[in-house]
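Each remark here refers to the structure printed beneath this line.
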Amino acid sequence: MTITTERPAVAVKDPRSLVSGDLFERLVTRVREEYLDVARFYAETMVEQMLCFLAATAEYDPADPPEGIVQDGEDFTQLTPSKEIDPALHAFLDLTADYRQTCMRLTGGRFIDHVPVTNASITSGRSVAITVRALRHYGWPVDDRFWAVGTSCCSDVCQGQITNL
């Protein structure tokens, strides 16, 4: 008899499944043409990580975060995009109708606002650490290269907040 002590691997979700292939291509193109002069594979990964962020934001309740996501001493519980994925988020916000439709589908009829806010949790990088833990908790792939800086996006910094339309 063999006893296995390893936990079965959790299936990692595919962020490209969150939007159509056409929309994914338009987002990658927009990032490269309007925001950053980067290689295609980099823009694709950036868009994938942004989609993971939106999906996790849709699932996450900052008033009642899953155990282990918010750790001792963290009073700010919002998820925030990193500086590295922020250009992809802004590229998606530019495509307002597509962004709204995606939000409605992910949240069951609500909208994920992009709200500038600054506080110590954001400037210290704690909110990005919370976001990475949430991404992993919900089964989204995390490319650490896009979450390594620690500080969040924007000059005033942004967070995802779900509102009813």
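Listed values, structure above:
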{"read-out": "Relative packing of 38-47, 69-78, 20-29, which averages over residues the other C-beta atoms within 10 Å, highest first", "value": "38-47, 20-29, 69-78"}
{"read-out": "Highest-first arrangement of 81-87, 49-55, 142-148, 93-99, where packing means the average Cβ count within 10 Å", "value": "49-55, 81-87, 142-148, 93-99"}
{"read-out": "Segment 32-134 shape via C-alpha gyration tensor axes, a/c threshold 1.5", "value": "oblate"}
{"read-out": "Gyration tensor (alpha-carbon) shape descriptor, segment 7-48, a/c threshold 1.5", "value": "oblate"}
{"read-out": "Phi to ³J(HN,Hα) by Karplus 6.51 cos²θ - 1.76 cosθ + 1.60 over segment 73-78, Hz, x for Gly, Pro", "value": "x, 9, 8, 8, 10, 6"}
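Any read-out appearing in this document is the output of simple, stated calculations on the displayed coordinates, not a laboratory observation. Everything quoted here is computed from the prediction, not taken from an experiment. FYI the Cβ positions are ideal-geometry reconstructions off the backbone, even for glycines, and counts take in every protein chain you see.
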